[in-house]
Every structure is written in structure tokens, then in C-alpha cells.
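Structure first, commentary second.
The values are calculated or read from the model by the stated rules, or taken from the named source; none is laboratory data. Owing to the predicted nature of the structure, the values given are computational and were not obtained by experimental measurement. No Cβ is skipped: glycine too gets one built from the backbone with ideal geometry, and neighbour counts run over all protein chains shown. The protein model used for the area step is the full one, side chains on, heavy atoms only, and it has no ligands, DNA or RNA in it. Shrake-Rupley method; radii C 1.70, N 1.55, O 1.52, S 1.80 Å.
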Amino acid sequence: MIYLDAAATAPVRREALEAMWPYLSGDFGNPSSHHTLGEAAAAALATARSGVASVLHCRAGEVTFTCGGTEADNLAVKGIALARKSADPTVNRVVISAVEHPAVEESARYLERAHGFAVDVVPVDDKGLVTIDALRSVLGPQTALVSIMYANNEVGTVQPVAALAAAAHEFGVPFHTDAVQAAGWLSLDVKALGVDALSLSGHKVGAPKGSGVLFVKGRIQVEPLMHGGGQERGRRSGTENVAGAVALSTALALSEVTRKEEAARVTALREEFIDRVLAAVPDAMLTGHRIQRLPSLASFCFPGTSGESVLLELERLGVICSSGSACAAGSDAPSPVLLALGIPPETAQTAVRFSFTSAVTSAELEQAATAVETAVGRVRNLAVPQQH
Ligand code: PLP
């Protein structure tokens with residue numbers, strides 16, 4: 001089996017698993033308990049927090065552990081917007097891009113439905129990029145928050161986050177970015193990016209599912225979504241997932257050590273793969289930006305097929321990938337992300353996404369490109385009525 005669905009989830013790194021084991025066994029204490037077991041857990045949590053902070057170039061106190069990317073996005077979008085509105089009720093608009101993950105989009109829609117916010121959706125161009133002018137045109141004194149993702153999970157387009165954050169700041173508006181897909185591939189230096197909040201998910205970087213992080217810059221207020229014992233400095237009540245936090249910190253720090261070389265190596269493999277696929281299926285359409293894209297992601301539309309049928313054929317041929325985001329898997333509706341890029345619905349339904357771990361090899365991708373040619377050919381033959 002060749003696994004090319006790393007954007008959906010990646011395997012847990014052995015080092016992360018080994019680092020978390022003590023906190024599931026011998027050192028299983030609750031970090032809020034005032035005895036040795038509790039103190040050992042609290043110390044592990046503090047070390048994990050500092051580890052994440054050093055990758056993000058922020059202070060440990062600016063790192064909140066969550067149960068994943070979805071919770072981090074919810075806490076950023078709802079928490080920051082609600083806190084700003086309660087300080088000034090006229091600040092009641094949120095800005096998102098047209099290609100956000102549902103964790104951001106649905107959080108903004110919730111604010112609209114339940115808290116009287118207006119949502120401004122910034123369009124993207126045909127490569128999935130948000131332009132600075134498009135963002136500037138929706139910003140104003142009523143804007144509570146801008147949330148624009150770092151790298152898109154379906155087409156891999158990487159946004160000019162630093163420039164977008166700077167534009168938001170010209171209007172005095174905090175900027176959040178969903179960096180779930182960027183993690184492990186792109187710099188997460190929040191100072192260089194100039195972002196006020198950033199979300200991460202453990203299971204995309206080699207930690208288990210159910211672990212995540214929200215960075216929030218020091219002075220930004222966040223209305224908590226979870227109320228209870230006041231853990232995570234009141235931002236996120238609930239007994240902390242110590243083992244998950246330790247695993248996330250371990251996996252993130254390890255990936256940071258080799259990130260630049262891996263990104264360069266995998267980018268070269270991705271380019272080779274894209275060229276092979278476009279040569280094998282000449283009318284295939286690469287979606288997203290050719291250059292400003294994640295090293296690890298290649299996405300195509302194969303006109304005259306159905307993405308789901310191509311996936312099934314690919315799986316028979318030993319290649320695992322997806323038709324778009326894992327969240328939308330099984331849905332017949334064309335992807336809103338592809339529609340936002342101006343791709344017609346009938347073409348959007350032919351989408352297939354290939355996403356790689358850093359362990360991907362040239363031989364695997366060569367085999368996968370051959371499988372794509374076979375799979376697309378089979379689906380097209382099935383679609384053409386047989387002549388008798
Ligand atoms: N944001 C993006 C861009 C994602 O790709 C995902 C997961 O696919 C999430 C958020 C949600 O993260 P989690 O699965 O940890 O809730």
C-alpha cells in the first residue's frame with residue numbers, strides 16, 4: 001500500500017509514542033494534583049509547552065493545549081471575536097477567506113447565527129490565493145478578527161500570511177491563521193509571520209489524534225469556550241491531555257529539526273509527480289498554485305471521471321489518497337474550496353488529492369503516477385457506453 005493521504009492524518013512517530021508512554025503509565029498523575037505524581041505530570045506539561053513555544057518563537061504562556069485543530073480554530077475565532085465584542089459592542093464583524101476549513105468557517109457562521117456578527121468572506125483567485133487588496137477592502141473599524149489559513153488542506157495553496165497579517169494590523173485587527181496543514185513543512189515562527197493567533201493539530205505532525213495547540217499573543221483577550229476548573233490559565237478548562245501534549249511537542253520539535261531539508265526534498269518529488277501525472281493524463285488539471293503550495297500536496301481534477309471512482313480504482317491498485325478533505329469524504333456535493341477557485345461543479349467532482357509524509361520516496365510516486373494513468377483510463381472506459 002502506498003499511503004498518499006497524509007493531509008487527512010499521519011502515523012504517530014515512534015519518538016512521540018515513546019515520549020508519551022510514561023504519562024499513560026507510571027507518571028499518570030493529574031497535573032492539577034499537589035502530590036508527586038501530579039507534580040511530575042505538571043512538569044511534563046510545562047516542558048511540552050516550552051517545546052512548542054520554542055518552535056513557534058513565542059512565550060510558553062502563549063501556548064494553550066487543545067484537543068485538536070478544530071478546537072484550536074473554534075477557540076481562536078469565537079474566543080477572540082467574542083472578547084473583542086464584549087469590550088466594544090460595535091466590533092461585530094469577522095473576516096474569513098473563501099477556502100477556510102469548516103472548523104473556521106462554521107465557527108464564523110455560529111457567531112453570525114448566535115451572536116449577531118456579520119461574516120465577510122474574502123474571495124480567492126483561481127489559484128486559491130487571497131490578495132492583500134481583497135482583504136483590505138473588507139476591513140474596517142467594526143472588524144473583530146481576520147482568520148485566513150496558512151496552507152489549504154485541499155489544494156495546498158500557501159497564503160502570504162505575513163503580508164495579510166500586516167494588512168489586518170493597519171486596521172488594528174488581530175489576525176489568526178489555521179496552520180494545521182503548514183505544520184512540519186513551513187516556518188511556524190509567529191514573530192516572523194506577525195500573527196496574533198495560530199492553530200495546530202497533533203495528528204498531522206506525528207502525534208496522536210486529539211491533541212492540538214492554540215497560540216495566542218500575550219495581550220489578546222480570549223473568551224473561553226470550555227468552563228470548569230480553569231486549567232490552561234482559564235482559557236481551556238478540563239484535565240489536560242498530558243501524554244498528547246508531550247507527544248505533540250516531541251513530534252513538532254523533531255520535525256522542526258529536519259523541516260527545511262525535508263521540505264526541499266519533498267518539493268522536488270512533488271514536482272516530479274505533478275509532471276508525471278500531467279504527462280500520463282494530458283487533460284488533467286492541477287488545482288491550486290503551482291509554486292506557492294505545500295511541499296507535500298498535489299491535487300488534480302480529471303475531467304470525464306468521478307473523483308470517488310478514481311479513488312476506488314487507485315485503492316485497488318494499492319494507492320491510498322482522497323478526493324478532497326477527509327471531512328467532506330462521502331459527500332456528493334462538490335468541494336466549496338474548488339468552487340471558490342472558479343472550478344465548475346462538474347469538474348470539481350473529479351478531484352483527487354495526493355498528500356505525502358516526509359517518508360515518501362521517488363519510487364512510490366513513480367508507481368502512484370502509473371496507477372493514476374491506469375485508474376483514470378479504467379474510469380473513463382467505464383463511463384463510455386460500449387459499442388456493439
Ligand atoms: N484545519 C485544517 C486546515 C485541517 O486540515 C484540519 C484537519 O484536517 C483541521 C483544521 C482540523 O484538525 P483536527 O482534525 O485536529 O480537529
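Please determine, in degrees from 0 to 90 and to the nearest 10, the orientation of helix 242-280 with respect to the longest principal axis defined by the Cα atoms of the chain, where the helix direction is its Cα long axis.
That helix lies at roughly 20 degrees to the long axis.
Give the share of C-alpha pairs in each 20 angstrom bin for the chain, from 0 to the last occupied bin, in whole percents, shortest bins first.
29, 54, 16, 1, 0
I want the local charge near residue 301. Using Cβ-Cβ distances under 12 Å, sum +1 for each Lys or Arg and -1 for each Asp or Glu among the other residues.
Taking every other residue near residue 301 into account, the sum is -2.
Between the helical axis of 102-115 and the dominant principal axis of the chain, each derived from Cα atoms, what acute angle in degrees is found, rounded to the nearest 10?
It works out to around 50 degrees.
Given a cut-off of under 8 Å on Cα pairs at least six residues apart, what relative contact order in percent is computed for the chain?
Answer for the chain is 22 percent.
Using 0.36 nm times the number of residues separating residue 189 and residue 125, minus their current alpha carbon distance, what extension gain do you get?
Between residue 189 and residue 125, full extension yields 20.4 nm more.
Students often check this: by mean Cβ neighbours within 10 Å, which of 368-378, 7-17, 255-265 ranks highest, and how do the rest follow? If you can, show how the numbers build up before the last one.
Numbers: 368-378: 20.3, 7-17: 18.3, 255-265: 14.9.
In decreasing order of mean packing, 368-378, 7-17, 255-265 become 368-378, 7-17, 255-265.
Per the Kirkwood treatment, what hydrodynamic radius in Å, one decimal, follows for segment 192-292 from the mean inverse distance over all distinct Cα pairs? Before the final figure, lay out the partial values.
Details: mean 1/r = 0.0585 Å⁻¹.
After inverting the pairwise mean of 1/r, the radius is 17.1 Å.
Mean projection of the alpha-carbon convex hull of segment 133-185 over all orientations, in nm²?
Details: hull surface 15.2 nm².
Across all orientations, segment 133-185 yields a mean hull projection of 3.8 nm².
Using the Karplus equation 6.51 cos²θ - 1.76 cosθ + 1.60 (θ = phi - 60°), what ³J(HN,Hα) coupling, rounded to whole Hz, does each residue of segment 196-213 give in order, writing x for Gly and Pro?
9, 8, 8, 9, 9, 10, x, 6, 9, 10, x, 10, x, 4, x, 10, x, 9
Nothing charged except the Cβ atoms of Lys and Arg (+1) and of Asp and Glu (-1): what's the magnitude of the dipole of segment 14-257 about its Cα centre? Round to the nearest 20 debye.
The calculation lands at about 420 debye.
Ranking request for peptides 286-293, 132-139, 92-99, 242-249: highest mean number of other beta-carbon atoms within 10 Å first, then the rest in descending order.
Details: 286-293: 18.9, 132-139: 15.6, 92-99: 24.6, 242-249: 28.0.
Top of the packing list down: 242-249, 92-99, 286-293, 132-139.
Using a Cα-Cα cut-off of under 29 Å, which lysines could be cross-linked to residue 127, ignoring same-chain neighbours fewer than 8 residues away?
78, 191, 204, 260
Determine how many Å³ per residue the convex hull of the Cα atoms of segment 226-384 encloses. Write out the running numbers ahead of the final one.
Numbers: hull volume 25.9 nm³, N = 159.
In segment 226-384, the Cα hull volume divided by residue count equals 163 Å³.
Residue 223 to residue 285: extension gain in nm, 0.36 nm per residue of separation minus the Cα-Cα distance?
Net length gain for the segment: 18.0 nm.
With all protein chains present, how much of the accessible area of the chain (probe radius 1.4 Å) comes from carbon and sulfur, to the nearest whole percent? Spell out each step's value before the answer.
Details: 8980 of 15900 Å².
Here it works out to 56 percent.
Between segment 41-104 and segment 1-37, what is the separation of their alpha carbon centroids in Å?
So the separation of the two Cα centres works out to 21 Å.
Find out how many positive minus negative residues lie around residue 53, taking Lys and Arg as positive, Asp and Glu as negative, among other residues whose Cβ is under 13 Å from that of residue 53.
Values: positive: 49, 59, 191, 217; negative: 62, 189, 256.
After counting each charged neighbour, the total is +1.
Compare the peptides 18-31, 45-58 by average per-residue count of other Cβ atoms within 10 angstrom and give them in order, highest first.
Working: 18-31: 16.6, 45-58: 19.7.
Result, highest mean Cβ count within 10 Å first: 45-58, 18-31.
Report, in degrees rounded to the nearest 10, the 0 to 90 angle that the Cα long axis of helix 307-316 makes with the longest principal axis of the chain.
Helix 307-316 sits at roughly 80 degrees to that axis.
Give the Rg (one decimal place) followed by the Dmax (whole number) of segment 117-255, computed from C-alpha coordinates and expressed in Å.
Just the Cα atoms of segment 117-255 yield Rg and Dmax of 16.0, 47 Å.
Would you tally the net charge around residue 358, using a Cβ to Cβ cut-off of less than 13 Å, leaving residue 358 out, and scoring K and R as +1, D and E as -1?
Details: positive: 13, 204, 259, 260, 265, 270; negative: 256, 261, 262, 364.
After counting each charged neighbour, the total is +2.
Using amide H atoms built 1.01 Å from N in the peptide plane, name the residues 5+ places from residue 323, or on other chains, whose amide H lies under 5 Å from its own.
When sequence neighbours closer than 5 places are left aside, the close amide H contacts are 353.
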